[in-house]
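Novice: Pasting in a structure now, in structure tokens, and then I'll have a few things to ask.
What follows draws every value from the coordinates through simple rules; no lab data is involved. The structure displayed is predicted, hence computed values, not measured ones. Glycine also receives a Cβ, built like all others from the backbone with ideal geometry; neighbour counts cover every protein chain displayed.
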Amino acid sequence: TPAYVTDGAFSSANPPDVSQVDTAYIGVQYISLFYNRNLKIYANLLRVQQQTRAQRLLVIYGQNHIAVLEELLRVNPAYQVVPATKYLKTSATRFLKPMP
């Protein structure tokens with residue numbers, strides 16, 4: 001839980017723009033960078049759908065991203081999140097859990 005981390009710094013290996021970073025809340029800054037990435041992914045999904053006028057998008061992301069993306073799409077009245085299990089056919093259904 002990065003929000004607990006305080007008084008730190010980002011690695012010099014791949015630092016973000018640190019001109020506005022409050023190191024007293026470095027963990028929160030890290031979370032905001034990650035959330036910002038999710039917002040950009042969300043914006044790209046909307047843009048691709050609008051450009052192609054697709055009625056369906058199959059979105060595959062890791063579990064760190066998918067929860068935020070699902071939340072953003074669920075609150076957008078123009079979109080409906082449907083689990084991929086509705087369209088995937090597999091004998092391994094015990095591993096595919098439908099969303100509530």
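Novice: List every residue whose amide H lies under 5 Å from the amide H of Tyr61, counting only residues 5 or more places away in sequence or on a different chain, with H placed 1.01 Å from N in the peptide plane.
Specialist: Excluding prolines and chain starts, which carry no amide H, there are no hits.
Novice: Right, another one. Can you run phi through the Karplus equation (6.51, -1.76, 1.60; θ = phi - 60°) for the range 68-73 and list ³J(HN,Hα) in whole Hz, with x for Gly and Pro?
Specialist: 5, 4, 4, 4, 4, 6
Novice: Are there any trypsin sites (Lys or Arg not before Pro) in the range 19-69 that are in a DSSP loop and have at most 10 other Cβ atoms within 10 Å? List them by number.
Specialist: Working: sites: Arg37, Lys40, Arg47, Arg53, Arg56; in loops: Arg53, Arg56.
Passing both the DSSP loop test and the Cβ count: Arg53, Arg56.
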